Ligand SMILES: [Mg+2]
């Protein structure tokens, strides 16, 4: 599918790690010129990631993005409060933001994780049990970034210390008894409520239609947890991973997705330039 009919506002839902940000270094310099071009086109760039609000706010400032954003794999949507007050009256005030909570609070996730440990007898390393120093070392973050990454509210990432291929499906069954779900991200398995990036994209797209009228939605990601987001947009895009290949599961589940030639933020830029060129062709 070609982007985008004239007159529609471009709405770009984008994953961060491995997509807009380099999978290892978290650098986004390669994406800067394309981000600036999006700004000139008055496109809305919606960050949609497993990151926390505390992690995303500094990034929004650095990237000079003034738009709603989706945190913790769809756990909550934050909207610039005054601009969206009339279009999302159900949002709760939260500083400069209005917040729509879609997820399940952390305490319930923790007790489910304890049960997984007991019933599977497999070592699980939970993010919340790591110190900021350990998170910093494991994820290549600064101590300050690790502190922000720990401020999770609706999502409990963990690592499974087992090579047994049946573990994931056994975990899924236990988690479902609690009305919760699992998703695989780039580095961790994430435990959360019945939310995903797709549900958040659906809710936010409705709000954006009320606010802006006709919009054209694009989604861009690199892993399996991006699949629900990619399925909710008119134009889904997969960027290649550092291996040089797109994520095989996402590729299979979203066969209509465009696949970039470049990896991470280089592929991201390539996709944006193509969309903007097509928009100009009309
Ligand atoms: Mg990613």
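How about segment 27-38: which of its residues are surrounded by fewer than 19 Cβ atoms within 10 Å (Cβ to Cβ) and either outside the structural domain of residue 245 (by TED's automatic domain parsing) or closer than 13 Å to residue 62 by Cα (or both)?
27, 29, 32, 36
Among the listed residues 78, 26, 13, identify the single one that is in a strand (DSSP E or B), within 16 Å of the ligand (Cβ to nearest atom) and touching a strand residue (DSSP E or B) at 6+ places or on another chain (Cβ under 8 Å).
Details: 78 fails: within 16 Å of the ligand (Cβ to nearest atom); 26 fails: in a strand (DSSP E or B).
Step by step, each of 78, 26, 13 is checked, and only 13 is in a strand (DSSP E or B), within 16 Å of the ligand (Cβ to nearest atom) and touching a strand residue (DSSP E or B) at 6+ places or on another chain (Cβ under 8 Å).
Test each condition in (1) within 17 Å of residue 188 (Cα to Cα); (2) exposed (fewer than 15 other Cβ atoms within 10 Å of the Cβ); (3) within 23 Å of the chain's Cα centre (by Cα) for residue 154 and report the one that comes out false.
(2)
Can you give me the number of residues within segment 39-74 that are part of a loop (DSSP other than H, G, I, E, B) and under 14 Å from residue 149 (Cβ atoms)? If you could, list the steps in order and put the result at the bottom.
Here is the first cut: in segment 39-74, the residues part of a loop (DSSP other than H, G, I, E, B) are 41-43, 49-52, 64-68.
From the residues that got through so far, the ones that are under 14 Å from residue 149 (Cβ atoms) too are 49-52.
So the count comes out to 4.
Among (1) without any contact (Cβ under 8 Å) to a residue 12 or more places away in the chain; (2) within 16 Å of the ligand (Cβ to nearest atom), where does residue 227 come up short?
It is condition (1) that residue 227 fails.
Answer with yes or no whether residue 90 is loosely packed, with under 12 Cβ neighbours inside 10 Å and under 18 Å from residue 56 (Cβ atoms). Please lay out each step first, then the result.
On the way: loosely packed, with under 12 Cβ neighbours inside 10 Å: yes; under 18 Å from residue 56 (Cβ atoms): no.
Taking the combined requirement at face value, the residue does not satisfy it.
Going by what's in this entry, would residue 207 be described as under 19 Å from residue 248 (Cβ atoms) and touching a helix residue (DSSP H, G or I) at 6+ places or on another chain (Cβ under 9 Å)?
On the way: under 19 Å from residue 248 (Cβ atoms): no; touching a helix residue (DSSP H, G or I) at 6+ places or on another chain (Cβ under 9 Å): yes.
No.
Give segment 198-217 a look and list any residue that's surrounded by fewer than 24 Cβ atoms within 10 Å (Cβ to Cβ) and within 16 Å of the ligand (Cβ to nearest atom), or say none. Steps first, answer last, please.
Of the residues in segment 198-217, the ones surrounded by fewer than 24 Cβ atoms within 10 Å (Cβ to Cβ) are 198-199, 202-203, 205-216.
The one that is surrounded by fewer than 24 Cβ atoms within 10 Å (Cβ to Cβ) and within 16 Å of the ligand (Cβ to nearest atom): 198.
Could you name every one of the helices (runs of 4 or more DSSP H) located completely within segment 166-261 that has at least 3 residues being over 30 Å from residue 80 (Cβ atoms) and over 15 Å from the mean Cα position of the chain (by Cα)? Walk me through it before giving the result.
Numbers: elements: 167-177, 197-212, 227-231, 248-253.
Ranges flagged: 167-177, 248-253.
When the residues of segment 160-188 are filtered to those that are within 16 Å of the ligand (Cβ to nearest atom) and farther than 21 Å from residue 77 by Cα, which remaining residue is modelled with the lowest pLDDT?
Taking the candidates together, the pick is 186.
Would you mind stating whether residue 77 is on the phi < 0 side of the Ramachandran plot and buried (at least 21 other Cβ atoms within 10 Å of the Cβ)? If you could, list the steps in order and put the result at the bottom.
Details: on the phi < 0 side of the Ramachandran plot: yes; buried (at least 21 other Cβ atoms within 10 Å of the Cβ): yes.
Yes; evaluated as a whole, the condition is true for this residue.
The values are calculated or read from the model by the stated rules, or taken from the named source; none is laboratory data. Please read these numbers as outputs of a predicted model, since none were measured by experiment. For neighbour counting, all protein chains shown are included, and Cβ atoms are generated from backbone atoms with ideal geometry for every residue, glycine included.
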